[in-house]
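What follows is one structure encoded as structure tokens, with my remarks underneath.
The values are calculated or read from the model by the stated rules, or taken from the named source; none is laboratory data. Predicted, not measured: the structure shown is a model, and the values here were computed from it. Glycine gets a Cβ as well: all are built from the backbone with ideal geometry, and neighbour counts include every protein chain shown.
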Ligand code: ADP
């Protein structure tokens, strides 16, 4: 069975064609600048990279180009589109309309329209991606795979905000979390690596990238996560503030003459590591600047690690113990100093890092970086959100 995984952004579209027999990626690529001039497709297959520069006025043109490449004589990997058994679409927010992976139908797409405002930057793009695929492949079975599904198991007392309960009922305002496919993948991979059943383990998964979130996973089920109603909450991120007293926002908006919308853009795009350091949102730049003695870059890194550490402590308490900490995503997989700072000082709780193992360069495989005497396993696990989407799509069919 071959599954095409689509991750549509407002002006981009990423794809992977995955052969489920061996879970290998047989082709992947990205369309950029959709709807803007200078459209470009970068397609990787058969050990080569193919670049097509062509105007891509909309997502339907982009997906047509992708399908053309997939069956192309040189760049192609399949003889015809019939070899694609189904398409899995990544969707950021589900609200309470969807709790699990769902088949694309007219009815589910109507519901998708209704919940669009929950993730105004992301969900409309996913709808464009689905509609484009339906236009080009009308008979193909398709699934909606939600970033929020893995977090649906959070108990009420963890997922609700302490606002008027009737407003929760009426407007569905609560914690939904994000990066669920990644947290699910690495929690499952950790159990497999340790040769344990997921039910036997208490795991804290740290997805640390440009966007970051931390989850508490008890017996394979998510019981809490750091992101909230939107991906703005939790630890500070590349350009997002993370948790902040909302009264400080009202104050800042007043002082800087910003509307609520501008205030949110400020928190989403100009805050976090970028705002504190004034250098960059990219951890590679921050580490370099910090090494060169830049106080604000160093402060940003300290704030990030401190916030992650507080979540680890809180989730250890929420889980009532801990067996495994997983680091994943761009920063979690590649930045030893961040990992070391997050777990430093937690030795008395049985969390002991091996500094040598922690320094090893990421080679794309799973690594145990805990010391011999560590009660808690500390693992680096490369995430694979596309594979989860493909697995979920295959399972639905
Ligand atoms: P996103 O949330 O956009 O998916 P990623 O998970 O790709 O983000 O993480 C991007 C972050 O990972 C950047 O801050 C980058 O500096 C950091 N990073 C550090 N080392 C590497 C590396 N070798 N490769 C990729 N990203 C890295």
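Summary table
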| item | result |
| --- | --- |
| Among (1) at pLDDT below 95; (2) touching a strand residue (DSSP E or B) at 6+ places or on another chain (Cβ under 8 Å); (3) part of a loop (DSSP other than H, G, I, E, B) - the single one residue 95 does not satisfy | (2) |
| Residues of the stretch 15-38 satisfying the condition of being modelled with pLDDT under 95 and at negative phi | 32, 34, 36, 37 |
| The listed residue being touching a residue at least 60 places away in the same chain (Cβ under 8 Å), within 20 Å of residue 339 (Cβ to Cβ) and out of contact with any strand residue (DSSP E or B) (no Cβ under 6 Å at 6 or more places or on another chain), out of 277, 281 | 281 |
| Search result, residues across the stretch 51-64 that are within 24 Å of residue 389 (Cβ to Cβ) and surrounded by fewer than 19 Cβ atoms within 10 Å (Cβ to Cβ) | 58, 60, 61, 64 |
| Filter result for residue 253 (more than 16 Å from the ligand (Cβ to nearest atom), more than 23 Å from residue 342 (Cβ to Cβ) and either assigned to a helix (DSSP H, G or I) or in contact (Cβ under 8 Å) with a residue 12 or more places away in the chain (or both)) | yes |
| Candidate set from the stretch 209-221 (those that are buried (at least 24 other Cβ atoms within 10 Å of the Cβ) and under 23 Å from residue 100 (Cβ atoms)); member that is nearest to the ligand (Cβ to nearest atom) | 213 |
| Elements of type helices (runs of 4 or more DSSP H) in the stretch 286-362, at least 2 residues being within 16 Å of the ligand (Cβ to nearest atom), under 14 Å from residue 379 (Cα atoms) and under 25 Å from the mean Cα position of the chain (by Cα) | 329-334, 336-343, 355-359 |
| Residue within the stretch 296-308 that is in contact with a strand residue (DSSP E or B) (Cβ under 7 Å, 6 or more places away or on another chain), surrounded by 20 or more Cβ atoms within 10 Å (Cβ to Cβ) and touching a residue at least 12 places away in the same chain (Cβ under 8 Å) present | yes |
